[in-house]
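Visitor: The structure under discussion is supplied below as structure tokens; questions concerning it will follow.
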Amino acid sequence: MLLDLRDGIRNSKWLKYLLVTVICIPFALFGVNSYFNGGGPDYAAKVNGEKVSLNAFNNAYQNQRAQLAQAFGGRIPEGFNAVSIVGNQAMDSVVTREVLRQAVIDNGLAVGDEDLAQRLFEIDAFNVDGRFDSDRYQMQLQSMGISAAEFEAQFRDDLLAQQLRESVVGTGFMLPDENKAVNRLQNQKRNLASITLNVQEKADAIEISDEDVTAYYEDNKASYNNPEKVKIEYIELKIDDLKDGVDPSESDLQAYYDQNKARWVAPEKRDASHILLSMDSDASDSTKEDKLAVAQGLIDRINAGEAFEDIAKEMSDDTGSAENGGSLGEFATGVMVPPFEEAVFAMQVGDLSEPVLSDFGYHIIKLNNIIPERGQTFEEVKAELDDEYRIEKAETSFFEVSELLSNASYENDDSLLPASDETGLAIQTTDWIDRNTFDGVGQYPQVVAAALTDDVLNNGINSEVLEVADNHVIVLRTLEHEVAKPKPLDEVRDTVVATLQRERAVDELNTLAAELTKSLEAAADPAELAAANGAEHNETVAVGRSDPAADSELVRAIFAMPKPAAGQNAYQTLNTSSGDVAILIFGGVAEDDAAAEGDEVIAATTAPATSDFENLVVTIEASADIEKNDALLTEQSPMGYGGGY
């Protein structure tokens, strides 16, 4: 039915116009992003009825993926890349952020504009030569693809959340006895010795039969799948590419500088004082003559040696400046009424004007100083001008070209050629890409997800225009598709053998560890026992909870063990993250009363308060009315990719 409808639209001119009209209405009401977003809910979540934006979720999602990629050396393992993991983490983070934002408002916390500005001034990234630089600030925000208003709103929310945390943490306390007990536990040391059985050495010595390899492979084929993958052709539009194509001339940059000169140059100013003899703008000629005579008399008094400031305080009708001796401070053109401005900008420093008539009355003006134009010249900011000019032109071009791309790829949905012809953008192709691809266009989750949708994969039509990043869109077609299928046994044989070897080695070493533990409990010598079984023995050392010289995994385990009876040892087998099997020998507490006073005690008093804040967040979230857009957390998200925007 949908295919018939598409054919009907293609062959009917009046129906096309009707459809364009229908499409334009939501565009006008909701913006172009409603097209890119696929028509789903316009929020990621609601917290007590307040919407969390799709953009906030998308940013959190991309940040989570970037952190995972960095942690795993640039490529996220398949099991960690699931939307159920990354998407839920992103959703939790944006929901918690909104919960905190509402909590600080409910608690009457606030960050004033002056406080916000002061904290902004302290951010090194916005400073030049140790001082806040407005131009640097704007450029940094441009590079992040965020407006000043958006950044300052987010920064204000962060400061408010920090206020809430500090208000809880800063009021936490412990009684002296509690403090001493906590401090004693934190500084406690435990006697640790160990015997380590190396799993790899054991595994290398184990023979695995072909029959066992085949049987294990057949039982676990799903673990050795090649992921579903596609080859695509696509058109990509990036603002950076458009920017590179902008080549401004010297005159273009000079014109741009002149249009925006106030950003780089403070205009020439005047520092002046005045005495105002006010009267209505429609005053009679006789009233004007009387006021003029008074003004002339005041000028005579000033010329006779009386101080301008004293006369201004006595006679000026401008109460705002009179108390300051008539001082108006510094001002540029366009601030004062025309007759006043014309007169003052024609004067020299120290001049006293004749009476100047304006709609407010007669002014006697004294010019105190001329502040010349100052700032950065055209040549000094030319490189910055060039970059900004390119960005501005590229942004305008991006919107125009992306609109052409959207229309052409939709109206001719069986090919990318018309869109390429219309926009001048090249059609490109990829090799095989899948959900684990981390380079090229395959790095964007939306791309693979869109290529696998039913319309694109099975009906052979163009994808929607995918907004994969700020000012970066892609439209694509699927060329080839390969379903997920098990890798051949020959391809994974070595992996299967290694898996079986390690599994059996761990089983055998755990059995051996149990036997060695019985020998230790019977007073066998640990060093001799280790040597007899090809294991590594580590002598007894006193370790603290945060001892940098000790194996953190063993330390965590021994501090979780119950304290043995006096003069006794306790034993525990630990399967380490490396696969080795360790027998821990806990020889009792080495320093039970070694707690220090002073700064360490102060540190201990704040620890429970930190927990108080964490508990507060949990409590607030539990009491909030939270509605999540679960469609974002599916592998086939309506947003164009699993869990993305």
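Visitor: Can you run down the residue pairs with Cβ atoms below 7 Å, 6 or more apart or on separate chains, where the first is in region 279-290 and closer than 20 Å to Ser316 by Cβ and the partner is of a type in the set (Ser, Thr, Tyr)?
Guide: Met279/Thr287
Visitor: Taking Lys243 as the residue in question, decide whether it is modelled with pLDDT under 90, of a type in the set (Lys, Arg) and closer than 22 Å to Thr333 by Cα.
Guide: The answer is no for Lys243.
Visitor: Okay, next question. Quick one: how many residues across region 481-513 are surrounded by fewer than 13 Cβ atoms within 10 Å (Cβ to Cβ) and either within 43 Å of the chain's Cα centre (by Cα) or not β-branched (Val, Ile, Thr) (or both)?
Guide: Number of matching residues: 8.
Visitor: Name, by its number, the condition in (1) touching a residue at least 24 places away in the same chain (Cβ under 8 Å); (2) at positive phi; (3) open to solvent by 80 Å² or more (accessible area, probe 1.4 Å); (4) not polar (S, T, N, Q) that does not hold for Gly588.
Guide: Going through the list (1) touching a residue at least 24 places away in the same chain (Cβ under 8 Å); (2) at positive phi; (3) open to solvent by 80 Å² or more (accessible area, probe 1.4 Å); (4) not polar (S, T, N, Q), Gly588 breaks only (3).
Visitor: Hey, another quick one. Here are Arg119, Arg101, Arg131, Arg156: which of them is under 28 Å from Gln67 (Cα atoms), open to solvent by 70 Å² or more (accessible area, probe 1.4 Å) and not polar (S, T, N, Q)?
Guide: Being under 28 Å from Gln67 (Cα atoms), open to solvent by 70 Å² or more (accessible area, probe 1.4 Å) and not polar (S, T, N, Q) holds for just one of Arg119, Arg101, Arg131, Arg156, which is Arg119.
Visitor: Further question on the same structure: If we only count strands (runs of 3 or more DSSP E) wholly inside region 483-598, which ones have 2 or more residues that are under 30 Å from Pro176 (Cβ atoms)?
Guide: 536-544, 581-591
Visitor: For region 360-377, state whether one or more residues are open to solvent by less than 60 Å² (accessible area, probe 1.4 Å) and under 30 Å from Gln138 (Cα atoms).
Guide: yes
Visitor: Something else about it: List the helices (runs of 4 or more DSSP H) that sit entirely inside region 404-467 and contain at least 3 residues that are under 31 Å from the mean Cα position of the chain (by Cα).
Guide: Ranges flagged: 445-451.
Visitor: Exactly one of these conditions fails for Glu250: (1) at pLDDT 90 or above; (2) more than 30 Å from Ala383 (Cβ to Cβ). Give me its number.
Guide: (2)
Visitor: Which residues, taken from region 423-468, are open to solvent by 20 Å² or more (accessible area, probe 1.4 Å) and hydroxyl-bearing (Ser, Thr, Tyr)?
Guide: Within region 423-468, Thr423, Thr429, Thr430, Tyr444, Thr453 qualify.
Visitor: Can you give me the number of residues within region 267-312 that are more than 14 Å from Ser353 (Cβ to Cβ) and touching a Pro at 6+ places or on another chain (Cβ under 6 Å)?
Guide: Going through region 267-312 one residue at a time, the tally reaches 1.
Visitor: Right, something else. Among (1) in contact with a strand residue (DSSP E or B) (Cβ under 6 Å, 6 or more places away or on another chain); (2) open to solvent by 50 Å² or more (accessible area, probe 1.4 Å); (3) at pLDDT 95 or above, which single condition is Lys518 missing?
Guide: (1)
Quick grid of which residues meet (1) open to solvent by less than 30 Å² (accessible area, probe 1.4 Å); (2) free of Cβ contacts under 8 Å to residues at least 40 places away in the same chain:
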| site | (1), (2) |
| --- | --- |
| Asp135 | yes, no |
| Gln138 | no, yes |
| Arg184 | no, no |
| Lys189 | no, no |
| Ile206 | yes, no |
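The values are calculated or read from the model by the stated rules, or taken from the named source; none is laboratory data. Just so we're clear, the structure is a prediction, and the values are computed from it rather than from any experiment. Cβ: placed from backbone, ideal geometry, glycine included. Neighbour counts: every protein chain shown. Side chains included, ligands, DNA and RNA excluded: accessible areas come from the protein's heavy atoms. Shrake-Rupley method; radii C 1.70, N 1.55, O 1.52, S 1.80 Å.
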